[in-house]
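To keep things clear, I will list the structure first and then write my remarks on it.
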Number of protein chains: 2
Amino acid sequence: MRKIVIIGCNAAGMTSAGYSRKTDRTAEITVVERGKYPAYSRCGLPYVIEGVIPNLEDLLISPVEWYRMNKINLMLETTATEIDTSEKTVKITHKEGEERTLDYDSLVLCTGAEPVTIPVPGKNLPQVYQLRTIEDGRRVFETAKERKSVAVIGARFVGIETAAALRHRGCEVTVVEMLPQILDGILDPEFASEVQKSMEERGVKFLLNSALEEIKGDGHVEAVVAGGHEFSCEMVVTAVGVRANIGLAERAGIGVSKRPPAIKVNEKMETDVKGVYAAGDCVICPTHAVVPQPWMSQLGTVAVRQAKIAGINAAGGNTKFPAVLGACASKVFDVEIASTGLTETCARRFNLDCISAGAKLPARPHYLPEKVPLRVKLVARRDGRLIGGQIVGIKEAGLRAEIISAAIAKGMTADELSMLDNCYCPVIADANEPLSTAAELLLRKLR
Amino acid sequence: MRKIVIIGCNAAGMTSAGYSRKTDRTAEITVVERGKYPAYSRCGLPYVIEGVIPNLEDLLISPVEWYRMNKINLMLETTATEIDTSEKTVKITHKEGEERTLDYDSLVLCTGAEPVTIPVPGKNLPQVYQLRTIEDGRRVFETAKERKSVAVIGARFVGIETAAALRHRGCEVTVVEMLPQILDGILDPEFASEVQKSMEERGVKFLLNSALEEIKGDGHVEAVVAGGHEFSCEMVVTAVGVRANIGLAERAGIGVSKRPPAIKVNEKMETDVKGVYAAGDCVICPTHAVVPQPWMSQLGTVAVRQAKIAGINAAGGNTKFPAVLGACASKVFDVEIASTGLTETCARRFNLDCISAGAKLPARPHYLPEKVPLRVKLVARRDGRLIGGQIVGIKEAGLRAEIISAAIAKGMTADELSMLDNCYCPVIADANEPLSTAAELLLRKLR
């Protein structure tokens, strides 16, 4: 009987376990998790704080019962301390101190990632939080009841979602970002400033081009210094990205990269040690769909897909992880944001000869009382092949980014997208699909 | 200076004119339309009757001003009576009797289609309507104020949308359909009965397997006989499809097909007479994306795309119409319906060796209070290549069908769709995209 050990019960770990079980009905599957909860949705945390999702515990992806039903041996509050790849064993320690050694035939590393901390004075004050765990969520939620003035450090998805959530809760919120734009790598500057403007209209303040320098306070947070400015606040939430947990793998001699820190895998999600797989925020994807090089994604969707491949292969299957596109989405206030492939800025960083077209386009016929304006941008190579897309609007942005994902993944050109068979019915969509219209604008530039 | 004459100012005619203008800034462009309105959205008619769209005249796609601004000579209430393809002239007659002859370098036939009438006793009674024109819309709208018991004949999109609209207005509505299911060719039976059931829950009655035999009444509609049943009603709306207007083309010696009646075109949307193009409901598409044979579509979206090609080529451009997929969508009550490519039933009619998988899947994480269950069905060839998809749900069906359209158009397999880069954010989409989950179910059947 095959023994499969999975380290980490996050989205990747849970998914790996599930697919291992689907692939091998009799395998002995053990998942070791150092935290007290099995896999939950980290992406839901800001929306619990906002109040859209009622309870933090609701975020559990599957109840403990699911593990039992699938005969998955779930060991919570248990830390894997050492892997011996020649003996094929993992040493684990329960929080009560009990130590054990697990044998494995296949091992899946889902060690995840930790939030990056910013090494500034005051970083250890109470009321300086991250938003990565249910415990973090609880702290931010509770503190926001009393302390109504907040600095959010970092303006990628977690940062702006947390800012919107706290603003929604009545806080005064200032977002501090080191770069000259929010959502770098996700949106091009003109789209990013559109989102920023819409958040400013809802009362969120932004301080761009400003690195965090100091958190001031005597026993509790009183002010933040960033980019030479000082402003008072009572709580700080840092959201400046995560760093892969690679220590365990590294100590076991499993191949890792240092910049960025990540466990290296092939397209079977197998590390350089046979029988040892890895998935989720701790790994670097073998290749990107547009630029053929390893790609750090650290998205929940990618983690789930990687884990599916790792889980199947760990259980004796043979399947491959495709090139990654990095499709992602968010919603802040009433603005939906979606992006896939490369932004124009990013494409230029890779010296790709590309062209782009963007426009504000209606997703409903003009005669319908409901208005759904979308800002759409497409990026393509000079030969017309699409390499990226961004959409911002009140709704339907995410699904349109998925159409672009399918287009990029299959080498579709702007010409083909401009003629794509769309679904028209006045109350749900216009006869002229915004994506096709944007593709046509791109075509005109290409000629 | 190039002279372009377009016959018919429907969606196809208007679009042709617009793209001719974009292609040739100086051409003399004339559009001849026998009706009193320039192009309007026929698909919007049921929603005006329902009350979602305030006024019938709102349905105009572009105001008369648009034609003037684009220097398009719009001749309303003017009928093209004869084409001489060797002399390159079109005879036209204004409704006041004035006759003229127009010269052309390029001619675009957008003669559209007429609703099929059912040759039964009583078909000429007042209160027996179609729903094709603004005038039809006005008649149905006005009559429904007084006459609250309606039979709708035909259960494709126009039929069920009209039924839902009239039910919404408080009418007793019975839909009569000759076939054993509603939405034949659009949905497979199990999906069709799901939609039917949801309409029945809102009070619409259905009489399937029942051909219309007679409309009874003494001076006004009193009852309908269909499939051997008789039931009383005060108004009848027939919606049993349309037949292409090919008479003018046929008399001019332009190549047409008889079954179904249609003007034949190549992929440049050019008829067998050089310089004479055709687009919209009067033509048969050169080829279908799944079955390589001519395909009658008669969808607004296809008309617009054909007209784009015809308009560009008529103005000296050189562009091609791709294979058609027939993506389409509708909304009745709170049910959104979308379909693209072939249904399983349709694929079997073409003797394609195919396989399908369907499931009811959530489009939101379980922990979100908003529930968006979708019924998804995918159809694929034995080699895994997708050939069709159907989605029914409260929203987001249409855009998902477009993802499937892109997939089919580019030869995507179920395996690739199961791993497609999707956009996840709890409040707008689940990490597990229903399309990918459905693709995975399909994969399991393929193995």
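The values are calculated or read from the model by the stated rules, or taken from the named source; none is laboratory data. The model shown is predicted, which means the values in this text are computed figures rather than measured ones. With ideal geometry, Cβ positions are generated from the backbone for all residues, glycine too; neighbour counts draw on all protein chains shown. Accessible surface areas use protein heavy atoms only, side chains included; no ligands, DNA or RNA. Shrake-Rupley method; radii C 1.70, N 1.55, O 1.52, S 1.80 Å.
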Output the number of the condition that A:Val52 fails; it satisfies all remaining conditions of (1) farther than 20 Å from B:Tyr367 by Cβ; (2) within 20 Å of the chain's Cα centre (by Cα); (3) hydrophobic (A, V, I, L, M, F, W, C).
(1)
Matching option when the condition is surrounded by 16 or more Cβ atoms within 10 Å (Cβ to Cβ), within 19 Å of the chain's Cα centre (by Cα) and under 29 Å from B:Tyr367 (Cβ atoms), among A:Gly35, A:Gly44
A:Gly44
In segment A:225-238, which residue that is touching a residue at least 24 places away in the same chain (Cβ under 8 Å) and in contact with a Lys or Arg (Cβ under 7 Å, 6 or more places away or on another chain) is surrounded by the most Cβ atoms within 10 Å (Cβ to Cβ)?
A:Met235
Among (1) more than 19 Å from the chain's Cα centre (by Cα); (2) within 14 Å of another protein chain (Cβ to nearest Cβ), the one test that B:Lys71 misses:
(2)
Filter segment B:433-447 down to residues that are within 9 Å of chain A (Cβ to nearest Cβ) and within 30 Å of the chain's Cα centre (by Cα) and give me whichever is nearest to A:Pro54 (Cα to Cα).
B:Glu433
Can you tell which of B:Thr319, B:Thr340, B:Thr271 is under 17 Å from the mean Cα position of the chain (by Cα) and not hydrophobic (A, V, I, L, M, F, W, C)?
B:Thr340
Checking A:Ile29 against (1) crowded, with 22+ Cβ neighbours inside 10 Å; (2) of a type outside the set (D, E, K, R); (3) in contact with an Asp or Glu (Cβ under 8 Å, 6 or more places away or on another chain), the condition it does not meet:
(3)
B:Lys88 - would you say it is more than 28 Å from the chain's Cα centre (by Cα) and either surrounded by fewer than 16 Cβ atoms within 10 Å (Cβ to Cβ) or closer than 30 Å to B:Cys171 by Cβ (or both)?
no
Among B:Ile403, B:Ile387, B:Ile408, which is in contact with a Gly (Cβ under 7 Å, 6 or more places away or on another chain) and at the interface with chain A (Cβ under 9 Å from one of its Cβ atoms)?
B:Ile408
Might you check whether a residue that is touching a Pro at 6+ places or on another chain (Cβ under 6 Å) and within 11 Å of another protein chain (Cβ to nearest Cβ) occurs anywhere in segment B:346-363?
yes
Which members of segment A:152-166 meet the condition of being in a helix (DSSP H, G or I) and of a type outside the set (Asp, Glu)?
A:Phe157, A:Val158, A:Gly159, A:Ile160, A:Thr162, A:Ala163, A:Ala164, A:Ala165, A:Leu166
Please go through segment B:133-145 and pick out each residue that is part of a helix (DSSP H, G or I), touching a strand residue (DSSP E or B) at 6+ places or on another chain (Cβ under 9 Å) and not small (Gly, Ala, Ser).
B:Ile134, B:Asp136, B:Arg139, B:Val140, B:Thr143
Out of all the residues in segment A:125-139, which are of a type in the set (S, T, N, Q) and more than 15 Å from A:Ala39 (Cβ to Cβ)?
A:Gln127, A:Gln130
Within segment A:327-342, the count of residues that are more than 9 Å from every other protein chain (Cβ to nearest Cβ) and open to solvent by less than 10 Å² (accessible area, probe 1.4 Å) comes to 2
Among the residues of segment B:397-416, is there at least one that is under 30 Å from A:Glu57 (Cβ atoms) and open to solvent by 10 Å² or more (accessible area, probe 1.4 Å)?
no
Identify all residues within segment B:293-302 that are open to solvent by 10 Å² or more (accessible area, probe 1.4 Å) and touching a residue at least 12 places away in the same chain (Cβ under 8 Å); write none if there are none.
B:Pro294, B:Trp295, B:Met296, B:Ser297, B:Gln298, B:Leu299, B:Gly300
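If you go through segment B:73-92 one residue at a time, do you hit one that is of a type in the set (Gly, Ala, Ser) and at pLDDT below 95?
No, every residue in segment B:73-92 fails to be of a type in the set (Gly, Ala, Ser) and at pLDDT below 95.
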Filter pass, A:Ala397 being closer than 17 Å to B:Glu396 by Cβ, more than 7 Å from chain B (Cβ to nearest Cβ) and small (Gly, Ala, Ser)
yes
Anything in segment A:304-326 that is of a type in the set (A, V, I, L, M, F, W, C), out of contact with any Lys or Arg (no Cβ under 7 Å at 6 or more places or on another chain), open to solvent by less than 10 Å² (accessible area, probe 1.4 Å) and within 14 Å of another protein chain (Cβ to nearest Cβ)? List them, or say none.
A:Ala307, A:Ala310, A:Val324, A:Leu325
Just one of (1) within 13 Å of chain A (Cβ to nearest Cβ); (2) open to solvent by 10 Å² or more (accessible area, probe 1.4 Å) trips up B:Cys285, so point out which.
(2)
Please tell me if B:Thr345 is open to solvent by 10 Å² or more (accessible area, probe 1.4 Å), at pLDDT 95 or above, polar (S, T, N, Q) and not assigned by TED's automatic domain parsing to the domain that holds B:Glu416.
no
Within segment B:50-76, take every residue that is in contact with a Lys or Arg (Cβ under 7 Å, 6 or more places away or on another chain) and within 21 Å of B:Glu114 (Cα to Cα) and give me the one that is surrounded by the most Cβ atoms within 10 Å (Cβ to Cβ).
B:Leu56
What is the one condition in (1) of a type in the set (S, T, N, Q); (2) within 24 Å of the chain's Cα centre (by Cα); (3) within 22 Å of B:Asp281 (Cα to Cα) that B:Thr30 does not satisfy?
(2)
Residue list for segment A:419-432, restricted to those being more than 7 Å from chain B (Cβ to nearest Cβ) and open to solvent by less than 10 Å² (accessible area, probe 1.4 Å):
none
Could you please give the count of residues in segment A:165-200 that are open to solvent by 50 Å² or more (accessible area, probe 1.4 Å) and either farther than 21 Å from A:Ser232 by Cα or in contact with a His (Cβ under 8 Å, 6 or more places away or on another chain) (or both)?
7
Residue by residue through segment A:253-264, note down the ones that are open to solvent by 20 Å² or more (accessible area, probe 1.4 Å) and not basic (Lys, Arg).
A:Gly253, A:Val256, A:Ser257, A:Pro260, A:Pro261
Filtering segment B:365-384 down to residues that are at negative phi, open to solvent by less than 70 Å² (accessible area, probe 1.4 Å) and touching a strand residue (DSSP E or B) at 6+ places or on another chain (Cβ under 7 Å) yields B:Val372, B:Pro373, B:Leu374, B:Arg375, B:Val376, B:Lys377, B:Leu378, B:Val379, B:Ala380, B:Arg381
Run A:Val291 past the list (1) touching a Phe, Trp or Tyr at 6+ places or on another chain (Cβ under 8 Å); (2) among the aliphatic types (A, V, I, L, M); (3) closer than 27 Å to A:Val108 by Cβ and report the number of the one that doesn't hold.
(3)
